[in-house]
Amino acid sequence: MLPIQRQNEYLYPVPKFDLKKSDIKDFDTELNGFHELFIDCFQRSESRDHFLKYMAGQFSDLERKSIEPIALAVEQGNVRAMQRFVSDTPWDDYNIGIKYRSLVNDDIGSPNGALIFDESGFVKKGDDSIGVGRQYCGTIGKVDNCQVGVFAAYASEAGYSLVDKRLFIPSKWFSDEYEVRRKKCNLPEDIIFKTKPQLAVEMLGALAEEKILPFRYVLADSIYGESPDFIHAVESLPDMTYMVAVSSDTLCWLRRPMTLLKEYKWGGEMKTRTILADTQQNPITIETLAKNTNNFFWYRREVSEGTKGPIAYEFTKRRIILSNSGLPKKEVTLLVRRTIGAGKESYSFFICNASSSMKLKHLVWLSGMRWAIEQCFEETKTELGMDHYEVRKFMGWHHHIQTSMMAHFFLWHLKIRMGKKSTIHYAVAA
């Protein structure tokens, strides 16, 4: 859904991708120029040729954009050679990433840019593809046999693009039972199990250390927002503001409760622990807080254009003290969004480490910026076949996803290079 809020209520608008085939006159020449930037990332000329042809196939009108149909459709394509190129041939992945993110920075880099973390599922049949298993797949909204990738996207006033990725590999894949499958999929021996938030932390740290893409904001869904590791990683970056979703049962206080140290004996030694001074002053859930907030504190905003016209939500913000194991911890700003209209009200919750002086309109804007990564997923899947792959190996997954990300950015580059203007759009995250 695309919002219609006024531009002056935001730090900047995020444009919508609206390039059409009719806008491009010499697509093949432009694509060749793009690929020339990466010729030193491949050892052989055949690999460079496959790289170009594979991405050209992703731009085609093929119904299914996996290796075989692409190889059969492109001039002088060879199915087995392209399969080897995607799944087995070494690429200079590090250099490709550096060059790619430098191009992203040239076109859409901004000091007020945002890094957005989220995962996307890829439904798969069979049990032999790397990391596949029965797990929640956000693409279809239920548990199914799938692979899940954790992604980092970049958004600014100039556009949006996926900039990094990791494949989530369930813990069972590291058991003795899966040893044969790991070898068939060529999973590197140094790869260990990492949770989705840990994979996001890995990408955040690498992007920050790389210092190619400037960013001021970090945005994420609740699986990352409720991860102490992820929040700690963001807070360790200087002058960084995060806005993350959290679940309705998150506990908090409106005022910091008094605590005291209590002595107790353990193993013959006297020790101390922190407890609440008033045992009746228990934390409440943020959902309880929202439902008990007087209507005076709610602000109505039209934030998106639905199929039946503008959709209005109401927002409120409060400073809260988060509870950790029943004790008061950090102070944050809570933003609550609630639905309006007939039927049961529903709420969405976000926390932000910005100071209390940050205006509601700025918080509302931040809460909707995750729309950009959702657009990345939709556009790369529907237009470029990011979810059409049939590779099973670890390297094959990464190479296919990398070319999909780059193909998506290439289209953004054409839009920006041509100076194509578009109607300003905003969004609200689901």
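For segment 83-99, give me the residue count where each residue is over 18 Å from Met405 (Cα atoms) and either within 29 Å of the chain's Cα centre (by Cα) or not assigned by TED's automatic domain parsing to the domain that holds His398 (or both).
Final tally of qualifying residues: 4.
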(message) Quick check on Ala342: is it among the small types (Gly, Ala, Ser), more than 24 Å from Ile231 (Cα to Cα) and either in contact with a His (Cβ under 8 Å, 6 or more places away or on another chain) or part of a strand (DSSP E or B) (or both)?
(response) no
(request) Name the single residue, out of those in segment 183-202 being touching a residue at least 40 places away in the same chain (Cβ under 8 Å) and part of a helix (DSSP H, G or I), that is nearest to Val218 (Cα to Cα). (result) Ala200
(request) Go through segment 105-131 and count every residue that is more than 16 Å from the chain's Cα centre (by Cα) and either at pLDDT below 95 or within 28 Å of Ile231 (Cα to Cα) (or both). (result) 13
(request) Select from segment 242-284 the residues that are without any contact (Cβ under 8 Å) to a residue 60 or more places away in the chain and among the aliphatic types (A, V, I, L, M) and write down the one among them that is surrounded by the most Cβ atoms within 10 Å (Cβ to Cβ). (result) Leu276
(request) State which residue is surrounded by the most Cβ atoms within 10 Å (Cβ to Cβ) when the search covers only segment 47-66 and only residues that are aliphatic (A, V, I, L, M) and more than 26 Å from the chain's Cα centre (by Cα). (result) Leu52
(message) Checking Thr403 against (1) touching a Phe, Trp or Tyr at 6+ places or on another chain (Cβ under 8 Å); (2) at pLDDT below 95: exactly one of these is not met. Which one?
(response) (2)
(request) Considering only segment 244-275, state which residues are under 30 Å from Val218 (Cβ atoms) and of a type in the set (Lys, Arg). (result) Arg255, Arg256
(message) Considering only segment 109-120, I want to know if a residue exists there that is out of contact with any Asp or Glu (no Cβ under 9 Å at 6 or more places or on another chain) and aromatic (Phe, Trp, Tyr).
(response) no
(request) Please work out which residue is farthest from Met406 (Cα to Cα), limiting yourself to segment 19-52 and to residues that are in a helix (DSSP H, G or I) and of a type in the set (Phe, Trp, Tyr). (result) Phe27
(message) Can you pull out every residue in segment 84-95 that is in contact with a helix residue (DSSP H, G or I) (Cβ under 6 Å, 6 or more places away or on another chain) and surrounded by fewer than 16 Cβ atoms within 10 Å (Cβ to Cβ)?
(response) Asp92, Asn95
(message) Just the residues that are at pLDDT below 95 and of a type in the set (A, V, I, L, M, F, W, C), please, taken from segment 309-323.
(response) Ile311, Ala312
(message) Looking at Gly306, Gly326, Gly341, can you tell me which residue is modelled with pLDDT under 95 and either closer than 24 Å to Tyr12 by Cα or surrounded by 19 or more Cβ atoms within 10 Å (Cβ to Cβ) (or both)?
(response) Gly306
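The rows are residues; the columns are (1) more than 24 Å from Ala155 (Cα to Cα); (2) modelled with pLDDT of 90 or more; (3) basic (Lys, Arg).
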{"site": "Ile4", "(1), (2), (3)": "no, no, no"}
{"site": "Glu9", "(1), (2), (3)": "no, no, no"}
{"site": "Pro15", "(1), (2), (3)": "no, no, no"}
{"site": "Glu30", "(1), (2), (3)": "no, yes, no"}
{"site": "Ile39", "(1), (2), (3)": "yes, yes, no"}
{"site": "Glu46", "(1), (2), (3)": "yes, yes, no"}
{"site": "Tyr54", "(1), (2), (3)": "yes, yes, no"}
{"site": "Ser66", "(1), (2), (3)": "yes, yes, no"}
{"site": "Pro69", "(1), (2), (3)": "yes, yes, no"}
(message) Pairs please, first residue from segment 156-179 and in the same structural domain as Val14 (by TED's automatic domain parsing) and at positive phi, second anywhere and buried (at least 20 other Cβ atoms within 10 Å of the Cβ) and of a type in the set (Lys, Arg), Cβ atoms under 9 Å, 6+ apart in sequence or on different chains.
(response) Gly159/Lys415
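Yes or no, residue by residue, for (1) part of a strand (DSSP E or B); (2) touching a Ser or Thr at 6+ places or on another chain (Cβ under 6 Å); (3) farther than 30 Å from Lys20 by Cα; (4) among the charged types (D, E, K, R):
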| residue | (1), (2), (3), (4) |
| --- | --- |
| Ile275 | yes, no, yes, no |
| Gln280 | no, no, yes, no |
| Ala312 | yes, no, yes, no |
| Val332 | yes, no, yes, no |
| Val336 | yes, yes, yes, no |
| Met358 | no, no, yes, no |
| Leu366 | no, no, no, no |
| Cys376 | no, no, no, no |
(request) List the number of the failed condition for Leu251; all other conditions in (1) at pLDDT 95 or above; (2) out of contact with any Asp or Glu (no Cβ under 9 Å at 6 or more places or on another chain); (3) under 19 Å from Ala354 (Cβ atoms) hold. (result) (3)
(message) Ser404 - would you say it is closer than 25 Å to Phe151 by Cα, assigned to a strand (DSSP E or B), in contact with a strand residue (DSSP E or B) (Cβ under 9 Å, 6 or more places away or on another chain) and not β-branched (Val, Ile, Thr)?
(response) no
(request) Those residues that are among the aliphatic types (A, V, I, L, M) and either closer than 18 Å to Ile70 by Cα or out of contact with any helix residue (DSSP H, G or I) (no Cβ under 8 Å at 6 or more places or on another chain) (or both), I need them from segment 20-56; list them, please. (result) Leu31, Leu52, Met55, Ala56
(request) Taking the residues in segment 344-377 that are among the hydroxyl-bearing types (Ser, Thr, Tyr) and modelled with pLDDT of 95 or more as candidates, determine which candidate is surrounded by the fewest Cβ atoms within 10 Å (Cβ to Cβ). (result) Tyr347
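The values are calculated or read from the model by the stated rules, or taken from the named source; none is laboratory data. Remember, it's a predicted structure, so these values are computed and weren't measured experimentally. Counting neighbours? That spans all protein chains shown, and the Cβs are built from the backbone with ideal geometry, glycine included.
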